[in-house]
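Take a look at the structure below.
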Amino acid sequence: MNPAIVDRFYTAFAERDSEAMAACYGDDVVFEDPVFGTLRGEDARDMWRMLCSGGTDLSVTHQVLRSTPTSATTAWVATYTFPSTGRRVRNEVTAVMALAGDTIVEHRDSFSVWAWSSQALGPLGRLAGWTPILRSRVRATSTASLRAFQARRG
């Protein structure tokens, strides 16, 4: 049953088991969210590896809202300390996934970027909200962090 793959993915996230998360994705998975933009394949899997290897206070909960043989919509919440600022973040996310058999082939996360940036970045995030300048800066920083993580992994 398809909710099983979604449950497996988020349970692995809650346990910070990025390899189990990566195993839920199809080879050519497409991931998209407001912070990282669009990532494909190994870049998407490495993003989760990087996030799971980060801080030690990550907490994740999830609930599958809808499921069909080819799709699932999930509400999930991540609570953590944002490493760059040391600020506490509670990010409420809606994920829409396309499923093929026992794999996730598309994964699109959406959330209030203003709420996230206000928590993660403090006054700058509250004032700038999600302006094109802030969006560009956050994406550039996220991409640079992912590339540095990938370089360390070899």
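All of the numbers you see were taken from the coordinates with simple rules; none came from a lab. As the structure is a prediction and not an experimental result, all values here were calculated from the model. Using ideal geometry, Cβ is built from the backbone for each residue, glycine included, and neighbour counts are taken over all protein chains shown.
Worth a mention:
- P(r) tail for the range 85-154: Cα pairs beyond 21 Å make up 44% of the total.
- Counting only alpha carbon atoms, the long axis of helix 132-153 and the longest principal axis of the chain meet at about 60°.
- Ellipticity estimate at 222 nm from DSSP helix runs (n ≥ 4, -39,500 (n - 2.57)) divided over the chain, nearest 500: -13500 deg cm²/dmol
- Counting only Cβ charges, +1 for Lys and Arg and -1 for Asp and Glu, the dipole size of the chain around its Cα centre is about 720 debye.
- With 5 Å bins beginning at zero, the pair-distance distribution over Cα atoms of the chain amounts to 2, 9, 17, 24, 22, 15, 9, 3, 0 %.
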